[in-house]
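Everything on this sheet refers to the single structure shown next.
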Amino acid sequence: MLLQVMLPHHYKMVYGGVNGHSRQALVMGPIPANGERDKSVSQLVERGLIYEAGVLVLKEYRPEVERINPLAAFIRSQAFQGDPAFSFMSDRRITSVCITDDGLPLDDAPPEGVSKQRWNFYKSKYLCRAKQRVLVGDDDRTIFIGGLLEDALSKAMLDFKVNFPNTKVAYVPDLCVSRGESIKIKAVDTLSHYGVEALTLEEALIYIETSA
């Protein structure tokens with residue numbers, strides 16, 4: 001059993017406007033409006049750790065932001081500090097790796113026009129296919145949460161389903177971040193069409209307990 005938390009910094013983002021596209025803000029510390037959701041995220045991750053399920057955090061790595069605006073990059077990296085719901089982010093039992101913005105691992109072989117040396121450098125920074133296979137191992141179930149549901153998270157789940165056909169792929173919509181309700185509904189429908197199972201928190205907790 002593997003629990004995957006995709007791009008968790010989205011839990012610290014507040015989106016506004018039509019489907020969240022007009023403005024967004026990073027919030028340090030707890031966000032009262034999302035308190036119940038974040039508490040449930042913590043509950044699910046803690047349950048995974050208690051029952052010794054694998055917990056994989058797929059976090060962002062944006063070197064261009066670090067170069068252009070190091071202060072913004074530092075603030076972004078500290079967003080979970082002071083929020084007890086996300087204390088698990090520093091738990092040593094969790095495996096953390098960096099993922100590309102589209103939620104997909106790098107291919108093992110370099111694309112045309114990119115040297116093997118440069119590609120190996122990228123693979124040292126980001127999750128690649130070979131490392132993903134090692135992390136997944138022989139797990140027959142995986143649950144995704146995180147964000148954004150209509151973007152990187154959906155891409156990651158559909159890609160995972162193709163590359164690990166023997167692993168049942170599920171997610172918890174209530175613990176996924178989206179820019180707006182209408183696009184969230186569309187994403188849920190698309191995932192259902194491709195056989196990705198939507199779970200309630202209670203169902204996900206049972207998944208973890210029965211997989212121990």
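The values are calculated or read from the model by the stated rules, or taken from the named source; none is laboratory data. What you see is a predicted model, and the numbers here were worked out from it, not measured in a lab. No Cβ is skipped: glycine too gets one built from the backbone with ideal geometry, and neighbour counts run over all protein chains shown.
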Name the single residue, out of those in region 126-147 being of a type in the set (A, V, I, L, M, F, W, C) and free of Cβ contacts under 8 Å to residues at least 40 places away in the same chain, that is surrounded by the fewest Cβ atoms within 10 Å (Cβ to Cβ). V134
Candidate set: region 141-152, residues that are charged (D, E, K, R) and assigned to a helix (DSSP H, G or I); chosen: the one nearest to P105 (Cα to Cα): D151
Looking at the structure I just gave you, is E181 within 17 Å of Q43 (Cβ to Cβ) and acidic (D, E)? no
Yes or no: L205 within 17 Å of the chain's Cα centre (by Cα), buried (at least 16 other Cβ atoms within 10 Å of the Cβ) and either touching a residue at least 40 places away in the same chain (Cβ under 8 Å) or within 27 Å of G16 (Cα to Cα) (or both)? no
Taking the stated definitions as given, is D138 among the acidic types (D, E), in contact with a helix residue (DSSP H, G or I) (Cβ under 7 Å, 6 or more places away or on another chain) and assigned to a loop (DSSP other than H, G, I, E, B)? no
In the set K131, K161, K155, the lone residue that is in contact with an Asp or Glu (Cβ under 7 Å, 6 or more places away or on another chain), basic (K, R), modelled with pLDDT of 95 or more and assigned to a helix (DSSP H, G or I) is K155
Might you check whether a residue that is part of a helix (DSSP H, G or I) and modelled with pLDDT of 85 or more occurs anywhere in region 14-26? no
Taking the residues in region 90-110 that are outside any strand (DSSP E or B) and surrounded by 13 or more Cβ atoms within 10 Å (Cβ to Cβ) as candidates, determine which candidate is modelled with the lowest pLDDT. T100
If you take the residues of region 34-57 that are of a type in the set (D, E) and in contact with a helix residue (DSSP H, G or I) (Cβ under 8 Å, 6 or more places away or on another chain), which of them is nearest to F86 (Cα to Cα)? D38
For region 81-100, how many residues meet the condition of being under 12 Å from S42 (Cα atoms) and of a type in the set (S, T, N, Q)? 1
In region 164-189, how many residues are among the charged types (D, E, K, R), outside any helix (DSSP H, G or I) and either at positive phi or out of contact with any strand residue (DSSP E or B) (no Cβ under 6 Å at 6 or more places or on another chain) (or both)? 1
